[in-house]
Amino acid sequence: NDFPCIQTCLPWQLRRTSVAFCISRSLPMTRVDFYFNAESKSRIVYRICLKVIQNRMGVDILCPEYEISRSLDKYLWTASAIGFVPHEIRKSGQSRIAPVSIVSEIGPLESSSTLINLSRSVPPEFNKYERLIEIVSAEDDVDKSEARERHRFYKARGYALTHHDLSSSELRQN
């Protein structure tokens, strides 16, 4: 094996780590997904995390507000009676030990394929990720307005935008 360190990588790190060795390969532009009409952002985060880690990839959840990150942490441990989402609350610069990390800021060492943005603004350096997910509340008008601003930002810069209406989606279940 030309890259012996790949064998020591955790499964959710393998894809991004192997890409790092391909210096001549440029990464594709970040795909931006908007999930709107969310009744519970925590429930949607939980469902998305399950899908991403089933594909053996990692997720960073940008959540700069302490109370929300603690609430989400508890939800990810208790959302299902028969399982949980393996995760951690990680400070910038700390090594990853779980496939899902709740972070208050994006650090230089982030290596997940997906970023879920729970902040109220466009995340800095989101273009390091293959996929950015924005979740928009069904009821909170301030959240909707801020999401529209972020949508305009991404659209003006040419990012591929995908829209998911959660009022009729399987992600709303459970």
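Things worth noting here:
- In Å, descending, principal axis extents of the Cα set of the range 30-85: 30, 26, 21
- Straight Cα distances below 13 angstrom link Lys128 to the aspartates and glutamates Asp60, Glu110, with same-chain residues fewer than 8 positions distant left out.
- Each residue of the range 82-97 was assigned a 3J(HN,Hα) from its phi angle through the Karplus curve 6.51 cos²θ - 1.76 cosθ + 1.60 (θ = phi - 60°); the sequence is 10, x, 8, 9, x, 8, 8, 9, 10, 7, 4, x, 6, 6, 6, 10 Hz, with glycine and proline shown as x.
- Rounded if a/c under 1.5, otherwise prolate or oblate - the range 91-133, Cα gyration tensor axes: prolate
- Summed over all non-identical Cα pairs, the Kirkwood treatment of the range 47-120 gives a radius of 12.3 Å.
- Alpha-carbon centroid distance for the pair the range 123-152 / the range 28-57, whole angstrom: 12
- Per-q log10 I(q)/I(0), the range 30-174, q = 0.19, 0.20 Å⁻¹ (Debye; single scatterer per alpha-carbon; no solvent): -1.21, -1.35
- Cross-link reach is defined here as a Cα-Cα straight distance under 13 Å, omitting same-chain residues fewer than 8 places apart; for Lys155 the aspartates and glutamates meeting it are Asp33.
Values quoted throughout were computed directly from the atomic coordinates according to the rules given, and no laboratory measurement underlies them. Everything quoted here is computed from the prediction, not taken from an experiment.
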